[in-house]
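Comments concern the structure below.
The values are calculated or read from the model by the stated rules, or taken from the named source; none is laboratory data. Source: prediction; values computed, not measured. Quick reminder, even Gly has a Cβ in these numbers, built from the backbone with ideal geometry, and neighbours come from all protein chains shown. Protein only, heavy atoms only, side chains kept; ligands, DNA and RNA dropped before computing areas. Shrake-Rupley method; radii C 1.70, N 1.55, O 1.52, S 1.80 Å.
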Amino acid sequence: LNIYKQISLIYFYFFYISLIMFCVLGDCSKEECHNCFPVINCSQNHEICAKEGCCHEIFPEKKILVTGCAGFIGSHVCEYLCKKNYNVLGIDNINDYYDPNIKLKNIELLKKYKNFKFEKEDIIDTKIIEKWKPYKIIHLASMAGVRYSIENPKIYFDVNVNGFINILEQSVKNNVAQIVYASSSSVYGLNEKVPFSENDKIETCNSPYACSKICMEQIAKTYYQLYNINTIGLRFFTVYGPRGRPDMAPYKFLKAIMNDKPFTKYGDGTSSRDYTYIDDIVSGIIGSLENKKKIKYGIYNLGNSSPVTLNTFIEYCEKVTNKKAIIKQIENQLGDVPKTYANIDNAKNDLDYFPKTELIDGLRNTYIYLSSIKN
């Protein structure tokens, strides 16, 4: 019997060597080469795999689906994953909440990576999970914006809540290992106690956007209880940086000051925000994805834990641009909250999340980026 085993091993060795020597494409050393053994649900969409798929990919844990990949945070996350040799499928519906050309430019940037693929899909009705079989999902697609949600509340529940349910349903049916999804600091609403902690009681939700995010958290908890699907929700605190959203204060203020144009300041400037640089947010998302502590369910704050007032924020913008702001002051708007301030102890302990970027440095990086794309 031992002799037969030895003969089998020798035969397999020479068979494997012959494949390396005679592979017509010469890429047998690559994880994504499926010419010799075509795979089912191929992450690279090889024609031979679609026709003759007979086995599963050797490294399924490398298959990551990112929803909202064309957006600010999503494009940065995809870029990081591609550099770390993950196979990334990004989906986005390229809606017109802000200029779709900005999103299309983000997609073009990502397409330079061979391990990135884009599909134009809407999370409300996409079937991409059934088709592609990702190992894990980073769910960032949603309708953003507090003020817009007050004017258009229905779409926030159609997209954020029903879209998330679609993602969860397919994930349960297709054995997705984990979903990391975006929540928001907005869920804390008008809470007075600071810093905001994940176990604080939330009683003062202040916008339909915030309500939709609370619903997402509750739905994730329910699906974990019912189906044991692992979910980690991340409450982002005012994310800013290069490729940032043009409707948010860091982009709007810097752009206006650079071009000697006025911008609107809401209130007297004493409101405060916990601004968090994009690289730090990405580190928290990746910490959740790789999940070294094997967390099955949780909700975590991802902030900088160093809030500044709006007046101080404007002073910083003036400092990095070396120009004076032209300010038009009006009253606070519906949906605004007086402060955000993250307690990040849990994220530090469980996700190895340690934000490194000071606000002045992050604004300087953002200003350099905006200067590079100035028309």
Report task. Please verify whether segment 330-339 includes one or more residues that are touching a Pro at 6+ places or on another chain (Cβ under 8 Å), closer than 29 Å to Tyr223 by Cα and open to solvent by less than 70 Å² (accessible area, probe 1.4 Å). Result -> no
Query raised in the report: Residues Gly298, Gly335, Gly287, Gly269: which one is over 27 Å from the mean Cα position of the chain (by Cα) and either in a strand (DSSP E or B) or small (Gly, Ala, Ser) (or both)?
Result: Gly269
Report summary line: Scanning segment 220-251 for residues that are in contact with a Phe, Trp or Tyr (Cβ under 6 Å, 6 or more places away or on another chain) and part of a helix (DSSP H, G or I), the one surrounded by the most Cβ atoms within 10 Å (Cβ to Cβ) turns out to be Pro250
Report task. List the number of the failed condition for Leu65; all other conditions in (1) crowded, with 16+ Cβ neighbours inside 10 Å; (2) farther than 22 Å from Gly244 by Cα; (3) at pLDDT 70 or above hold. Result -> (2)
Requested in this report: Could you check Asp274 against (1) among the acidic types (Asp, Glu); (2) open to solvent by 10 Å² or more (accessible area, probe 1.4 Å); (3) under 24 Å from the mean Cα position of the chain (by Cα) and say which number it fails?
Outcome: (2)
Query raised in the report: Being touching a Gly at 6+ places or on another chain (Cβ under 9 Å), among the hydrophobic types (A, V, I, L, M, F, W, C) and buried (at least 19 other Cβ atoms within 10 Å of the Cβ), is that true of even one residue in segment 148-160?
Result: no
Report summary line: Filtering segment 349-375 down to residues that are part of a loop (DSSP other than H, G, I, E, B) and either at pLDDT below 95 or charged (D, E, K, R) (or both) yields Asp352, Lys356, Glu358, Ile373, Lys374, Asn375
Query - Residue pairs meeting the criteria (Cβ under 8 Å; at least 6 apart or on separate chains; first farther than 15 Å from Lys136 by Cα and at pLDDT 75 or above, in segment 41-62; second among the hydrophobic types (A, V, I, L, M, F, W, C) and surrounded by 17 or more Cβ atoms within 10 Å (Cβ to Cβ)) - result: Cys49/Val39; Cys49/Cys42; Ala50/Cys42; Gly53/Val39; Gly53/Cys42; Cys54/Val39
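For the subset of segment 172-198 comprising residues that are in a helix (DSSP H, G or I) and under 27 Å from Ile344 (Cβ atoms), which member is nearest to the chain's Cα centre (by Cα)?
Filtering segment 172-198 down to residues in a helix (DSSP H, G or I) leaves 172-173, 185-188.
Subset that is under 27 Å from Ile344 (Cβ atoms): 185-188.
Values: Ser185: 15, Ser186: 17, Val187: 18, Tyr188: 20 Å.
Per the stated criteria, the residue is Ser185.
Lys292: part of a loop (DSSP other than H, G, I, E, B), more than 24 Å from Ser184 (Cβ to Cβ) and open to solvent by 80 Å² or more (accessible area, probe 1.4 Å), yes or no?
yes
Out of Ile102, Ile124, Ile129, Ile137, report the one residue that is open to solvent by 60 Å² or more (accessible area, probe 1.4 Å) and either touching a Pro at 6+ places or on another chain (Cβ under 6 Å) or β-branched (Val, Ile, Thr) (or both). Give the derivation first.
On the way: Ile102 fails: open to solvent by 60 Å² or more (accessible area, probe 1.4 Å); Ile129 fails: open to solvent by 60 Å² or more (accessible area, probe 1.4 Å); Ile137 fails: open to solvent by 60 Å² or more (accessible area, probe 1.4 Å).
The conditions single out Ile124.
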Query - Residue list for segment 200-219, filter: surrounded by fewer than 18 Cβ atoms within 10 Å (Cβ to Cβ), closer than 22 Å to Phe164 by Cβ and not hydrophobic (A, V, I, L, M, F, W, C) - result: Gln218
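Working only within segment 68-99, note down all residues that are hydroxyl-bearing (Ser, Thr, Tyr) and open to solvent by less than 10 Å² (accessible area, probe 1.4 Å).
Ser75
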Query raised in the report: Restricting attention to segment 340-348, does a residue exist that is in a strand (DSSP E or B), touching a Phe, Trp or Tyr at 6+ places or on another chain (Cβ under 8 Å) and in contact (Cβ under 8 Å) with a residue 40 or more places away in the chain?
Result: yes
